[in-house]
Every structure is written in structure tokens, then in C-alpha cells.
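So the structure is just underneath, and the comments pick up after that.
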């Protein structure tokens, strides 16, 4: 989780494009890396939410939330940063 938090802090100091809805440019290398790591750390091997890691991220100041969901749960998650949202999942 420390690596994910560090990457997010690095991202906040970079110049990443944000679309009109507040989502960060998914083609930016740091955004890609954060999204990949979030998949690994915030989703369990059986596809459930890793609430313990989500709580660690929340304590660090980065709220996670569902961007898109269906009746089974989250399809796409979001991490709120100070400059915009990184999606994962």
C-alpha cells in the first residue's frame, strides 16, 4: 500500500490532463501504474473489495468509491486524489 500511496502523491505533483468529469488521463504512465497497482491491492483474488486496503488508502486521504456498478457489485472503482479521479478495475 505504501507504493500505491507514494505513486498517488507523485501523480498529484505531475501535470496530468483531467477531463470535464474530473477523471485523470488514463494514458498517462503514472495513472496507468496506479490503476494497475490498485487492481492488485484493492481487489481480492476472488474479485471482492479489499476493505482493509481501502481503509488504509482512506486514512492516507484517498477515498475509494464505485464509478460504475451493477447488481453484483463494483465494475469500476475510483480513487479520489487532489487533482482528479483515477479509475481501476
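Residues in region 13-28 that are touching a strand residue (DSSP E or B) at 6+ places or on another chain (Cβ under 9 Å) and assigned to a loop (DSSP other than H, G, I, E, B) were compared, and the one that is surrounded by the fewest Cβ atoms within 10 Å (Cβ to Cβ) is 21. Residue 52 meets the conditions (1) modelled with pLDDT of 95 or more; (2) outside any helix (DSSP H, G or I); (3) surrounded by fewer than 13 Cβ atoms within 10 Å (Cβ to Cβ) in every case but one. The failed one is (2).
For (1) closer than 16 Å to residue 7 by Cβ; (2) in a strand (DSSP E or B); (3) at pLDDT below 95, each residue gets a yes or a no:
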{"residue": "46", "(1), (2), (3)": "no, no, yes"}
{"residue": "56", "(1), (2), (3)": "yes, no, no"}
{"residue": "62", "(1), (2), (3)": "yes, no, no"}
{"residue": "78", "(1), (2), (3)": "yes, yes, no"}
{"residue": "87", "(1), (2), (3)": "yes, yes, no"}
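In this structure, residue 10 does satisfy being out of contact with any strand residue (DSSP E or B) (no Cβ under 9 Å at 6 or more places or on another chain) and free of Cβ contacts under 8 Å to residues at least 24 places away in the same chain. Within the set 31, 67, the sole residue that is in a strand (DSSP E or B), buried (at least 16 other Cβ atoms within 10 Å of the Cβ) and either under 13 Å from the mean Cα position of the chain (by Cα) or touching a residue at least 24 places away in the same chain (Cβ under 8 Å) (or both) turns out to be 67.
Does residue 41 satisfy the condition of being modelled with pLDDT of 95 or more and in contact with a helix residue (DSSP H, G or I) (Cβ under 6 Å, 6 or more places away or on another chain)? Criteria met by residue 41.
The values are calculated or read from the model by the stated rules, or taken from the named source; none is laboratory data. Bear in mind that the values here come from a model prediction, so they are computed numbers and not experimental data. In this analysis, Cβ positions are derived from the backbone assuming ideal geometry, glycine residues included, and neighbour counts consider all displayed protein chains.
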